[in-house]
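> Sharing a structure, written as structure tokens. Questions coming.
The values are calculated or read from the model by the stated rules, or taken from the named source; none is laboratory data. Keep in mind that what you see is a predicted model, and the values were worked out from it rather than measured. Because the Cβ atoms are built from the backbone with ideal geometry, glycine has one as well, and the counts that use them run over all protein chains shown. The area values use the complete protein model at the heavy-atom level, side chains included, leaving out ligands, DNA and RNA. Shrake-Rupley method; radii C 1.70, N 1.55, O 1.52, S 1.80 Å.
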Amino acid sequence: MEARRATVSVLYNGVNATGQIAQYLNSFQYKDVASGTSDSISLNVNDPALKWIGPWFPVKGDRLVPTIQTENWDTFGQVQKFPCGTFGVDDFSFKGGPVSMTLEALALPADTSFKTQDRTETYESTTLQEIGQIIAGRAGITLFFEAADVAIEKVEQNSQNDCDFYCGLVDKYDLALKIYGDKLVVFSEADYEAKAVKAILTPADFDPGWSWSGSTTGTYTGVKYQYTNSDKNKTFTVEAGDPARLLTVNEPADNLTEATAIALAAVNKANRGAVTMSITMKARPGLIASDLVEIQGLKKLDGIYYIESITHTVGSGYKMALDLRRVEPRITSATSVASTVAEGG
């Protein structure tokens, strides 16, 4: 029976560079994140013919499309391919004796203005999806919006790049954003938390050194929101959940619908990550960040966990390091009232 093996193929600026990389590859690492930061890759290759410090010298922004391929991984004859996405070279370095190169790249649009150009702009009578389409268009990529849209009366982009501005706006409404395969993806983590479990994991699957952490700090049973919009002469009040341990919120809002969305998003974000776990294990091809796994066999540590990130490492073997958070019950309904400032006192 042939041994289990994992290899990495790479398209470099649209050209198949697997032959130039695979035979000299020391290690390859791919970090897949659910949201909040860019996916990233890092590869280290030997350079015995001095090609990488000569005619193949990298240029910042070069485009890489790596794929992890496994053979005989779970069963004999099985071949699986795991595309990692599209990445732009962000940094590279060399060291000698013998010469080797470490190259790092991020999942960002080819148009660097997405992360580097600060803009000041006002968006009015629009939606979160429409703003995303504008920003994706400027970056030369496609928007994939997989969530309920949010109406926005007015929002300011004030000396911010498109990446920071839209990430913050999406997060304000408890949605998630990532870039994958030259797509700007917006999705609801709440919807993903309701999906079926992708894998069941037990201590027999873990490498030594796993960790678990639980905390009551930052967990709330309810939320109370109050904000007075002087332009509209209205005070918005929102209450949700149990008053035993309340989160207080007073972020600006233009209407009661927005106020309610902000309040619920704030308390659910505050409670996210109260229980976390980190494990390393033999790779399971097809498992991605934002999937659910069920931990069994650890008694009170058992439960359904959301994958925040997976770091794939291919070298002498193929391992995955998973950062997990336990799925917590969400607060989803609220009592909301809008009153004039005079009436409300």
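> Assign unit charges at the C-beta atoms only (+1 for Lys and Arg, -1 for Asp and Glu), then state the dipole size of the range 1-145 relative to its Cα centre in Debye, rounded to the nearest 20.
Around 400 debye, computed over the range 1-145.
> Let me ask something else about it. Could you tell me what fraction of 2.2 N^0.38 Å the Cα radius of gyration of the range 269-345 comes to, as a two-decimal ratio?
1.72
> Using alpha carbon centroids, what distance separates the range 65-82 and the range 181-213, in Å?
21 Å
> Which percent of the accessible area of the chain is formed by carbon and sulfur heavy atoms (probe 1.4 angstrom)?
Of the solvent-accessible surface of the chain, carbon and sulfur hold 50 percent.
> When all protein chains stay in place, what accessible area (Å², nearest 10, 1.4 Å probe) is found for residue 198?
Solvent-accessible area, nearest 10 Å²: 110 Å².
> Another question, then. Quick check of the Kirkwood formula: for the chain, what is the inverse mean of 1/r over all pairs of different Cα atoms, in Å?
Details: mean 1/r = 0.0441 Å⁻¹.
Kirkwood hydrodynamic radius for the chain: 22.7 Å.
> Follow-up question, since we're still on this one. Need one number: the % of Cα-Cα pairs in the range 1-112 sitting beyond the 18 Å mark.
52 percent
> Over all directions, average the projected area of the Cα convex hull of the range 1-67 and note it in nm².
Seen from a random direction, the Cα hull of the range 1-67 projects 6.3 nm² on average.
> Now, a different point. Ignoring ligands, DNA and RNA, what accessible area per residue does the range 62-152 give at 1.4 Å, in Å²? Could you put the intermediate results ahead of the total?
Details: 4420 Å² over 91 residues.
Heavy-atom accessible area per residue stands at 49 Å².
> Heads up, I need the accessible area for residue 169: 1.4 angstrom probe, whole protein in place, Å², nearest 10.
10 Å²
> Could you calculate, for the range 52-104, the ratio of the Cα radius of gyration to the Kirkwood radius, expressed as Rg to Rh?
For the range 52-104, the value is 1.15.
> Using 10 Å bins from zero, what percent of all Cα-Cα pairs in the range 158-223 falls into each bin?
P(r) over the range 158-223, rounded to whole percents: 13, 26, 35, 23, 3, 0.
> Here is a follow-up. Placing unit charges on C-beta atoms (Lys and Arg positive, Asp and Glu negative, everything else neutral), compute the dipole magnitude of the chain about its Cα centre in debye, rounded to 20. Numbers along the way, then the final one.
Working: 31 positive and 42 negative charges, 210 e Å.
Approximately 1000 debye in magnitude.
> Counting just the Cα atoms, what span does the range 65-194 cover along each of its three principal axes? Round to the nearest Å and put the largest first.
Projected onto the principal axes, the Cα atoms of the range 65-194 cover 56, 41, 21 Å.
> Which net charge results when you count Lys and Arg as +1 and Asp and Glu as -1 among the other residues whose beta-carbon is under 15 Å from that of residue 160?
Charge balance near residue 160 sits at -2.
> Give me the Debye-computed log₁₀ of I(q)/I(0) at q = 0.26 Å⁻¹ for the range 185-256, equal point scatterers on Cα only, no solvent, two decimals.
Result of the Debye calculation: -1.10.
> Per-residue ellipticity at 222 nm for the chain, helices alone: DSSP H runs ≥ 4 residues times -39500 (n - 2.57), over residue total, nearest 500 deg cm²/dmol?
Working: 7 runs with 57 residues, N = 345.
Roughly -4500 deg cm²/dmol at 222 nm, from the helical runs in the chain.
> Using a 1.4 angstrom probe and counting only protein chains, how large is the accessible area of residue 92 in Å², to 10?
So the heavy atoms of residue 92 present about 60 Å² to solvent.
> Tell me which of 117, 99, 165 sits at the most positive position along the dipole axis of the chain, charges placed on C-beta atoms (Lys, Arg +1; Asp, Glu -1).
Going by the charge dipole, the pick is 99.
> Among 301, 15, 37, whose Cα lies farthest out toward the positive end of the dipole of the chain, if unit charges sit on the beta carbon of Lys, Arg (+1) and Asp, Glu (-1)?
Value computed over the given set: 301.
> List the lysines whose Cα lies under 22 Å from the Cα of residue 269, skipping any in the same chain that are fewer than 8 positions away.
Leaving aside lysines fewer than 8 places away in the same chain, those within reach of residue 269 are 172, 178, 195, 224.
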